[in-house]
Each structure stands twice: as C-alpha cells, then as structure tokens.
Amino acid sequence: MNQFLDDFGLSIMVFVPLITGLIIMLIPRAKEELIKQLALGSSLATLGWAILLTVRFDIDNASTLQFVVDTDWITAIGSRYIMGIDGLALPLILLTTLIVPLCIIYSFNHWPEPANPKSFLTLILILETGMLGTFVAQDLILFFVFFEVVLLPMYFMIGVWGGQNRRYASLKFFLYTLFGSALMLISFLALYFLADGTAAGLDVVNTFDMRALSDGATGAIARTSQLWIFAGMFLGFGVKVPIFPFHTWLPDAHTEAPTVGSVILAAVLLKLGTYGFVRIAIPILPEAASAWAPVIGVLAVIGIIYGALGCLAQKDLKRLIAFSSVAHMGFVMLGIATLTNIGITAAVFGMVAHGLITGMLFFLAGSIKERYHTLDMSKLGGLLTDAPRMGWVVAFCAMASLGLPGLAGFWGEFPVILASYSPAAILSESMFRTFMVIAAVGTVLAAGYLLWMLQKAAFGTAGGGSVDLTPGATPHNGDGDDHLPKANTAIKDTTKREWIAWAPLLVLILGLGVYPRLVHEVVEPATEKSLEINVGNIKYDCLELSPSSATDCFNEIRNRNG
Amino acid sequence: MIFALAESIIEPLAEFSRPAIDWHALSPELTLLGVGVLVTVLDILYKERGKQIMLVITGLGFLAALIPIITLAVDGVASEPRILFNGAYVVDGFSLILKAMFLIAGYVVVLLSSQYVADGDYWENEYYGLLSASLLGMLVMTSARDLITIFVALELLSIPIYMLATWNKRNPKGNEAGIKYYLTGVFASGIMLYGMSLIFGASGSTILKDIFSSPDFLRSESSAFVVLGIVFSLSAFAFKVSGFPFHTWAPDTYEGAPTPVTAFLSVASKAAGFVALMQLIVVGFYGREDVYAPLMWFLAAASMTGGNIIALRQKNIVRLMAYSGVAQAGFMLAPLAVVGVSTTSADQGISSIIAYLVIYTAMNLGVFGIILVVARRTRSGDVKSYNGLFSVAPTMAVLMTIFLMSLAGVPPLGGWYAKFSIFRALISANTVSGYVLAGVAAVNTVIALGYYGRLAARMWFEKPAEELEIVGGASEIGSSENAEVENGSDVSVENAYEKQIVGVKQTIKAPFSLGIALGITLIATLLFGIVPGTLTHFTTVSLF
C-alpha cells in the first residue's frame, strides 16, 4: 500500500477529478441526482486521498520532495512526467482539495443561472485537476500544461454562469492570462536551451526538470539573459497573481463570476501565480530574482495601497472584495520580494489565509446577493438584524481579513512587515524599510475599508431604492422590493447547506490563527531550501552577502559552471 | 535536310534508356493515379448511376495508398532514403510522414464532401477525380528535390483545385472564387518559373542538392542573380501558403468555393506549399540564409500579425477561418527564418513545421466539419448563426470549442504542442532574431485567442438567434444554395430547407460520414496534445 501511494498517489489525486468529469459528461443530463452525487463523492474522495497523503508525508523532511514520480512523457522535447510534493505544495494542495467539495456543497440544489449542473460540475472537476497538477508538477512543461488547463473551465464558468457583463470579463481574464503565459513559455524554453550544469559536475544539459534547474544548472547563464528570462516568468506569474499594473482583469472577473467561481478564483487560482514565484522563478534564477526583487517590492506596495484605495471607492460588495485581493496579494508579493525565509514563509501562509478568508467572503457575498438581490452597498444593510448569524460570520471574516491577531490573516501580514525590516542582505535595507512603512499604512487602510464594508452591509437597515428609511415612516413597496426598515423577516438566516460549506473554513481561519505552526512547520524547511543556492554539493550564500560581494559570489558560480 | 534534322532529333531519343525505377518507392503515387483514372473512367461509363460508388472508391483508394507507405516505412526508408532519377525524386522519412498526412487529410475531405455533394442539386463525378489528381500532386511534391519536379507537382496539385473552386458554377461567388485563385495562381507560377530559371542560370543545375553544392550559387558575386531567383521562387510559395501580403486571394476563394474544397485548400494545399518551401530552403538554398532568412522573418511576422488583426473584424465564419489560416501560416513560416543557424536548428525547424502541419490539418478540418454540419441547418456562414449553439447542439458546440481552443494553442489540446514546437525551434537557435520572432509569436497567440474566444463565447454564452428574414445573400456561407434559391433556378433546395434561418433552433445531428470525419480529427487533436510522443516519433526527420 505504501509503495503504491508513493508511486501513484499523486497521479491518482490529480486525475480522479478529471476522470469523474469525463464520466459525468457521458451521463445524460436527466440523471441530475446521480451526477451531483458522483461529483461530490469524487471531490470528497480527492480530499480524503490528499489527507491520506498528508498523513504519510514525512514532515521532518518537508524540504525534500516526496511521492516523486519520474517517467517519460514527451521524449522528443526532453520533457518528463515528474511530480512530487514538498512543504511548499502541501498546504496549497490541502486548500484546493478542501475548497472544491465545499463549493460543490454550497451549490447543491442551488445552481447559478442557467442551472445545468452537469456542465457546471464537469468544469469544476476539470478545474480541480488543473489546479492540483500545477502544485505537484516538477517539470516546467508539465507545470505549464496544468497552469493553462485551468483557463478554459474558468473562462466558461464566468462566461456561462456569470453576471451582466460576463462576456467581457471572461474574455479579459482569458486574454490577460494567456498573454502572460505565452511569454512565460518562451522563458521556460530559453532556460531549457541555456541551462548547462556539466562543468559543475551536474548531469543536466537541456532539461525542464525543476529539481535539476534549481540545483545550480542555471548558474552559467549570463546575467542579462537571466534577467530577461526572469522577466518572462514575471509576466506569466505576475498576471495571475495579479501584481499591480496587470490586475485589471481581476475585479471584472470576480464581479461577474458566479459565487463558486469567485471562490475558486480567489482561493486557489491566484495562488498559482505566487506559487510559481516561490517554486520556479526564485529557486531557479536566484541572481535575477535578487535584481528584480526591488521592482517586485515596489509593485507590491503599490498594489497594497492601490488595492485599499480601490476598495474605498467601490459601490459593489463583490468588487470591494476583489480589490481587497489585490491588496492582500501585494502583501504576499512583498514577502516574496524580501527573499528571506521569514518573508517567503509568511507569503505562503498568506496564500493559504487569503484563500480561506477571501473564499469565505465571496461565499458570503453570494449568499447576501441571493437574499437582497443586490450587492450595491448603498442598498444593503441590516444584515445583523435580518440574519444575525450570517451577520456575525461576515463580521468574523472581515476581522480575519483585516489581520486581527488570533485569526489566520494576521500571520500572512505581520511577518511580512517584519521581514521587510531586514530583507536579504543583497537587497537595499533602506528601500525595504520604506516598503515596510507603506505596507503598514496599508494595514490601516485595510481596517478602514473592511470596517466600512461591515458597517454598510451588516449594520443599520437596508436602504436605498424606494424604501423610506425615516424611522416610523410607512414603508411603501415600490417595484416589489420589500425591504423594511425593521428586521426583514423575508431574509432567511444561514441555512444548513451554508453552514456545512462554511464551517470548515471558519474553523481553519480560527485554528490557523491560534496555532500557525501547523503551516509553518511544513513550509519553513521547504522555503529555506528554495532560497539556498546549491551547485552540486557546494552551498553558496550569495543572497546573504552585501550587493558588491554578491556579484563576486554569482560570478564565482558562473566560472565554476562555465 | 529535313531528314537530317529529324534524325538529329530522333537519334538521341533512340539512345535514351529508361533509368532504373524503384517501383516500390513510387507505389503510393501509382496507387493514387490508378484511383483517379478509375474514378474518371467509371464516371464516363456509369454517369448518374455511379453516384454511390464514387465516394466509396475514392475514399478506399486514398486509404489503399497508405498501404505502400506503411510497407516503405517498415522497409526502413527513414534511415536509407530511396533516391530516384539522380536525386530529383527522393523517398525518405520526411516525404513518408507528409504523404501519409496528405492521404488521411484527403480521406477526411472525401468524408466531408459526401454529404455536401449529396445535399447539392447537381451531381458531378469529376469532383472526386479532380480531388485525386490534386492529391497526387501533393504526394509528388513531398518527394520533389528538383526545380522542375517541384514545378510539375505544384501545377498538378493546383490546376484541379482551380476547377474545384469554381464547382458552384451557377453562382457568381463561385466563379469569383475560381477566377481569383486561378489568376493569382498562374501569376505566381510565372514568377516562380522566372526565379527558377535565374537559379538554374547561377548554379547550372535544377537538382536541389547540386544547387546547394554549386560554388557559383554560394558566391556573393552572383548575388543580384541569386537574390532575385530565391526571392521570386519563394514568394510563389508564400502565395500558396497564403502568407501575408500574398494572402489576398484566400478570403474570397474560401468564401466562394464549396466548403469541403475550402477545407482541402486550407490544409492540404497550404501544407503542399510548406513542403516545397522546406525543401527549397533546407536542401537547395541552404547556403544563402543571408537572402531567405530575412524574407521568411518578415513573412512570418507579417502573416501572424496581419492575419490575426484582420481576423478580429470578420463576420463570416469562412472568411474568419481564411484569416486565421493566414496567421497560422505565419507560425509555420517562423522556424524557416532560423533554420540557417545550424544543421541542428534546421532539423528542429523542419520537425516543428511538420508537427504543426499535421496538428493544424487535424484541427482545421475539424472546424470545417462543424461548419458544414451547422451550415446544413442554418444555411448561413454568419458568425451570428453560432449563437447559442451549446444550448441546442451541445456535442457540436463542445467539439467546435475543442477545435477552436486547439487552434488558439490552449493545452492540453494538439494546438499547444504545435505552437510549443515552433517556439522551441525559434529559441533553440539562440539568436536575437529568433527571440524577437518568438516574442511576436507570443503576442499573436493572445490576439488569435481574441477571435477564437469570441466565437466560442457566441456558442456558449449567447441565446440562439431569432429566426430572421434573409436579406439578399448577406449571410451566405459561400455555397451556391443561397444564390440559387434567390434566382429561383432551383427548387429542390428550397423545398428541403423551407425557411432560411440565421441560427440554430433544433438540435443538430451530424450525418454519418461527417461524424466519422469529426471523430478522426478529434482523436488526432486530443492525442497529439496529450501524448505528443505519438506524433514526434514520426516528425523527427532530417532533410540532410
């Protein structure tokens, strides 16, 4: 059994959703019950399988890849089918396998228009395969394929089940991401042809194997080429994150997507970008990463402030949450840009926390929309009187999102600010301390917009439209919208289905906030390894040297290689 | 004196001895020739009664021609090429994979044609005879390593298509299609012949290998001569592959020709042009990358960008596919700009183009299959008629989406591997021009997704179009039916389709033969994307 898990565990986890999706395609649409149960069953089985793998995962060796599979795939181009997970991937895999069944439970008997659960579930399952595959792939081309597989289902999910402006939003999402990934593919190919570790005693010439590439095979590449290659990856991953100037697809996609689509988009899809930085860009090209880090840092803090200000300008609740994602991903990117163990570990924690919290917020936005038929915050209000339980859940999530200590959000932000105080020695300390101050201002703004949002949505009474809000005034119903100034009995509180879908997320937000070591313990060793520069068996500490001696250090690696 | 003259002519002829012919190596071509002759003769004998068997004979004949290809492959031709006629005709791994591709593409086109021909009002058996002749020209092209043979192959494959393009002879659009294609075609042939004569003058040979080794050809003094020769002979094929700015015939011809012929034009005829380009550049002109590399670079960049940008504005599905074809041709031209860097990059460039050709053939034929199926119902080529296809004909919508996204290059569909192999060839050259061209290609991948994605969006996100009154042929797919209905010259079509609609209302079922065609193309599109090894095994060939 153990041997079987080691050899096929990951492949089964990745492909079970896809296979179920294909089976569902063949079942006639009339057998809806069967389709739904099959989809839910398979996503729960995937979660169970992921937990089984986690149990078997050797946490003491979280920095080494486990469950590694390595077989031929496309021999002609030197790409192989390599999968494996380490401490970086594990939390994200668990997050993905958890979010998908919750999404299915949330939409059970409750499909967004135009219903058609068969297609909807097929797309979600294909999406799951794409996401999981991206996290486990250890070959650049395999990674690329999974990274792209995610696009189509999401495109259709937004386009078919989305809101008013869905066609525009879905195409924008698709075009932006494809633009980034086309350039990223060029970078991958350039790496393939330029990486050569023969002189350093490494048997890696022309390979897409991430393990070999991050083991110093790229050291011989000239600095200018490295910078260009990194630029390509930066665009590919950066659009997905999204980093500041490339973020404009995000508010549109989030706003138009159906609830479940927004949840998956926020909880997992954005992480594909940041994961790419941590897994590929930095370990493979540390020299270029150190040169690009200031740029990433600047864009990250712009994202933090811009996202927060963007939030304050929104009228639509979902759009506000979308802009808050831009700000939160700014924190994650800032953590990555520090090139320190603390920073990147916090970034990975931030990814998980953002996935849980923002996923929750989008669930809530969906439920609010269902009850009030609008997300316009000037018309919302009174959630705490109309549906007190749900109101408190909103409040809880808003607190988590603004980084209240004791909840998960805190551990994604505070250590990042800490890490910016003392970034890797190769980076300019004063510059990152400036970033630190700006990011700290960002947390204040975050508190501002989240409390503002909470006030608008949960406090007071529902307003706007034809409803007279003066206390005691006779409510007159305009066009069928019967929001009363008093507690609106027509608004149902959280339903059982919603509790089932939300409870695990709420528990985790609290649990990880109180005991963050759960994640730290697996992530930290892996992060540390990703920052080490090992060429063959020799370890170089270039990133921990001052800028001038770091250049010598990198040149030494180059000479050794070439 | 007359006798003496006659004698002087006859005497060398009498001494002429037939060169040794490797019949086995020529058997695919001979089989196809037999099929063409058989179909033509049967047509004369049976006339109308031959309707049913023609299709079967042609289809089976194309498949039968695959048998000698397999035996040749088993014989190890890939490692030991059969060289015929002093090197003018070579059967090697390169030609075998392409011959197989042409035959299968031809078979799929026959499947696509059957229903179209049956739905039409008049029956012309020469359709299949002409198709066989054109296909024969393509088979010859894959082995032609000599200027004259290339010319003969080109004319053999083109002339039947000129006629097929005008197959809807009572439709002005059909005539326009044929005439435009014919005039530009012969013009290009003329230019090419001029170019070839200059090359012959500079090198003293028509055999590509000899041209390559001719010192005069490589010498820079002969540059004006050689530059003109190379540019002229390559431009003619740029026309054939509809590369920008030689593409202007394509949209009109595609629109006016019968849709199955358009499908044939857009894949097989284009592929034949690429075959010639590869042979000319890598075998004949290889030493002169100073001339052809910039030309190919420009053609590739212009075709990708020009084709894509114009395609964004198209309202007719066939015209859209015409411009998409221009852009796709740009991708395939790109590696030719860097093949001169080294023999490795030449091998890689060739392999990537062949892989692209095979995958492109599969997915593009798939798209045309769907166009045919949908047009049977809607009688329209307007992109609006695809609105809401998913809600009425989910299978067709899913298939079309797969083909379109494959054309756009979304993994794990075949098109992604095709694009990937082009990128790979460009970057492996490790030159600035290669990297820049790869960047241009990357940007174009995104532009192309714009129109493929919008078409997919129509099928999935829109409601089916309302039944519309037809306004004077504004929404023709490019077939004769619309015009005929308007002219009142034909009633059968009108009876069969009582009302013209722009949009699908009822579910659509593909006729059997179209179903098989779609199945073949779908399997190829998926298989080559998920397990590209099944394709690269055959496309890894060398022309050296």
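The values are calculated or read from the model by the stated rules, or taken from the named source; none is laboratory data. Remember, it's a predicted structure, so these values are computed and weren't measured experimentally. With ideal geometry, Cβ positions are generated from the backbone for all residues, glycine too; neighbour counts draw on all protein chains shown. For accessibility, only protein heavy atoms count, side chains too; no ligands or nucleic acids. Shrake-Rupley method; radii C 1.70, N 1.55, O 1.52, S 1.80 Å.
Of all the numbered requirements in (1) touching a His at 6+ places or on another chain (Cβ under 8 Å); (2) outside any helix (DSSP H, G or I), residue B:303 misses one, and that requirement is (2).
Matching residues to (1) at pLDDT 90 or above; (2) farther than 25 Å from residue B:101 by Cα; (3) touching a Cys at 6+ places or on another chain (Cβ under 9 Å):
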| site | (1), (2), (3) |
| --- | --- |
| B:157 | yes, no, no |
| B:176 | no, yes, no |
| B:181 | yes, no, no |
| B:196 | yes, yes, no |
| B:214 | no, yes, no |
| B:218 | no, yes, no |
| B:223 | no, yes, no |
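Mind checking which residues of the stretch B:62-92 are open to solvent by 10 Å² or more (accessible area, probe 1.4 Å) and small (Gly, Ala, Ser)? Scanning the stretch B:62-92 gives B:64, B:73, B:76, B:78, B:79, B:87, B:88.
Does the stretch B:427-444 contain any residue that is farther than 21 Å from residue B:348 by Cα and at pLDDT 90 or above? Please lay out each step first, then the result.
Here is the first cut: in the stretch B:427-444, the ones farther than 21 Å from residue B:348 by Cα are B:443-444.
Checking which are at pLDDT 90 or above leaves us with B:443-444.
Yes, that holds for at least one residue.
Conditions first: (1) farther than 25 Å from residue B:160 by Cα; (2) under 29 Å from the mean Cα position of the chain (by Cα). Residue B:192 passes all but one, so which condition is the exception? Evaluating residue B:192 over (1) farther than 25 Å from residue B:160 by Cα; (2) under 29 Å from the mean Cα position of the chain (by Cα) leaves (1) as the failure.
If you go through the stretch B:371-398 and keep only what is more than 12 Å from chain A (Cβ to nearest Cβ), over 20 Å from the mean Cα position of the chain (by Cα), crowded, with 24+ Cβ neighbours inside 10 Å and among the hydrophobic types (A, V, I, L, M, F, W, C), you end up with B:373, B:374, B:389, B:393, B:396. Within the span defined as the stretch B:497-519, one or more residues are open to solvent by 20 Å² or more (accessible area, probe 1.4 Å), modelled with pLDDT of 50 or more, farther than 23 Å from residue B:111 by Cα and over 24 Å from the mean Cα position of the chain (by Cα). Out of B:420, B:390, one residue alone is within 23 Å of residue B:351 (Cα to Cα) and either among the acidic types (Asp, Glu) or part of a helix (DSSP H, G or I) (or both). It is B:420. The residue that is farthest from residue A:239 (Cα to Cα), among those in the stretch A:142-195 that are within 7 Å of chain B (Cβ to nearest Cβ) and of a type in the set (Val, Ile, Thr), is A:160.
When residue B:401 is tested against (1) within 30 Å of residue B:463 (Cβ to Cβ); (2) more than 9 Å from chain A (Cβ to nearest Cβ); (3) out of contact with any Gly (no Cβ under 9 Å at 6 or more places or on another chain); (4) among the polar types (S, T, N, Q), exactly one condition is not met: (2). Checking the stated criteria, residue B:344 turns out not to satisfy the condition of being farther than 22 Å from residue A:185 by Cα and of a type in the set (S, T, N, Q).
State which residue is farthest from residue A:91 (Cα to Cα) when the search covers only the stretch A:41-56 and only residues that are crowded, with 17+ Cβ neighbours inside 10 Å and of a type in the set (A, V, I, L, M, F, W, C). Working first, answer last.
Taking the stretch A:41-56 and keeping what is crowded, with 17+ Cβ neighbours inside 10 Å, we get A:42-43, A:45-47, A:49-50, A:53.
Remaining after also requiring of a type in the set (A, V, I, L, M, F, W, C): A:45, A:47, A:49-50, A:53.
On the way: A:45: 18, A:47: 12, A:49: 14, A:50: 10, A:53: 12 Å.
So the residue we want is A:45.
The single residue among B:438, B:456 that is buried (at least 24 other Cβ atoms within 10 Å of the Cβ), within 10 Å of chain A (Cβ to nearest Cβ) and closer than 20 Å to residue B:312 by Cα turns out to be B:456.
Restricting B:381, B:340 to residues that are farther than 21 Å from residue B:105 by Cα and touching a residue at least 60 places away in the same chain (Cβ under 8 Å) narrows the list to B:381. For the stretch A:66-85, filtered to residues that are away from chain B (no Cβ under 14 Å) and surrounded by 22 or more Cβ atoms within 10 Å (Cβ to Cβ), the residue that is farthest from residue A:13 (Cα to Cα) is A:82.
Any residue that is under 30 Å from residue B:461 (Cβ atoms), of a type in the set (Asp, Glu) and surrounded by fewer than 24 Cβ atoms within 10 Å (Cβ to Cβ) - is there at least one of those in the stretch A:255-262?
Of the residues in the stretch A:255-262, the ones under 30 Å from residue B:461 (Cβ atoms) are A:255-262.
Now drop any that are not of a type in the set (Asp, Glu), which leaves A:256.
Of the ones still in play, those that are also surrounded by fewer than 24 Cβ atoms within 10 Å (Cβ to Cβ) are none.
No - not one qualifying residue is present in the stretch A:255-262.
Which residues, taken from the stretch A:172-194, are open to solvent by 30 Å² or more (accessible area, probe 1.4 Å) and within 18 Å of residue B:408 (Cβ to Cβ)?
Our first condition is that a residue be open to solvent by 30 Å² or more (accessible area, probe 1.4 Å); within the stretch A:172-194, this holds for A:172, A:175-176, A:179, A:183, A:193-194.
A:172, A:175, A:176, A:179, A:183 - these are the residues of the stretch A:172-194 that are open to solvent by 30 Å² or more (accessible area, probe 1.4 Å) and within 18 Å of residue B:408 (Cβ to Cβ).
Pairs linking a residue in the stretch B:527-541 that is closer than 17 Å to residue B:98 by Cα and more than 9 Å from every other protein chain (Cβ to nearest Cβ) to a residue that is open to solvent by 70 Å² or more (accessible area, probe 1.4 Å) and at pLDDT below 85, with Cβ atoms under 8 Å and 6 or more positions apart or on different chains, are B:541/B:78. Just one of (1) over 21 Å from the mean Cα position of the chain (by Cα); (2) more than 14 Å from chain B (Cβ to nearest Cβ); (3) in a helix (DSSP H, G or I) fails for residue A:110. It is (3). The set of residues in the stretch A:436-459 being free of Cβ contacts under 8 Å to residues at least 60 places away in the same chain and buried (at least 18 other Cβ atoms within 10 Å of the Cβ) consists of A:436, A:443. Going through B:229, B:243 one at a time, which residue ends up being open to solvent by less than 60 Å² (accessible area, probe 1.4 Å), in contact with a helix residue (DSSP H, G or I) (Cβ under 6 Å, 6 or more places away or on another chain) and part of a loop (DSSP other than H, G, I, E, B)? Exactly one of B:229, B:243 is open to solvent by less than 60 Å² (accessible area, probe 1.4 Å), in contact with a helix residue (DSSP H, G or I) (Cβ under 6 Å, 6 or more places away or on another chain) and part of a loop (DSSP other than H, G, I, E, B), namely B:243. Under 8 Å by Cβ, and 6 or more places apart or on different chains, what pairs join a residue from the stretch A:493-522 that is modelled with pLDDT of 90 or more with one that is in a helix (DSSP H, G or I) and open to solvent by 90 Å² or more (accessible area, probe 1.4 Å)? Close Cβ pairs (under 8 Å, with a partner that is in a helix (DSSP H, G or I) and open to solvent by 90 Å² or more (accessible area, probe 1.4 Å)) amount to A:511/A:518; A:512/A:518. Listed by first and then second residue, the pairs with beta-carbon distance under 6 Å, at least 6 apart or on different chains, first residue in the stretch A:308-332 and in a loop (DSSP other than H, G, I, E, B), second modelled with pLDDT of 90 or more, are A:314/A:320.
Taken over the stretch B:198-217, the residue count meeting the criterion of being touching a residue at least 24 places away in the same chain (Cβ under 8 Å) and in a helix (DSSP H, G or I) is 11. The residues of the stretch B:404-435 that are over 21 Å from residue B:539 (Cβ atoms), open to solvent by 10 Å² or more (accessible area, probe 1.4 Å) and more than 8 Å from chain A (Cβ to nearest Cβ), listed by number, are B:431, B:432, B:433. Count of the stretch A:542-562 residues, restricted to those that are in a loop (DSSP other than H, G, I, E, B) and modelled with pLDDT of 80 or more, is 2.
Does residue A:116 meet the test of being over 27 Å from residue B:416 (Cα atoms), more than 10 Å from every other protein chain (Cβ to nearest Cβ) and polar (S, T, N, Q)? Give the steps one after another, and end with the answer.
On the way: over 27 Å from residue B:416 (Cα atoms): yes; more than 10 Å from every other protein chain (Cβ to nearest Cβ): no; polar (S, T, N, Q): yes.
Spelling it out, it is not the case that residue A:116 is over 27 Å from residue B:416 (Cα atoms), more than 10 Å from every other protein chain (Cβ to nearest Cβ) and polar (S, T, N, Q).
For the stretch A:389-423, filtered to residues that are touching a Ser or Thr at 6+ places or on another chain (Cβ under 8 Å) and outside any helix (DSSP H, G or I), the residue that is surrounded by the fewest Cβ atoms within 10 Å (Cβ to Cβ) is A:422.
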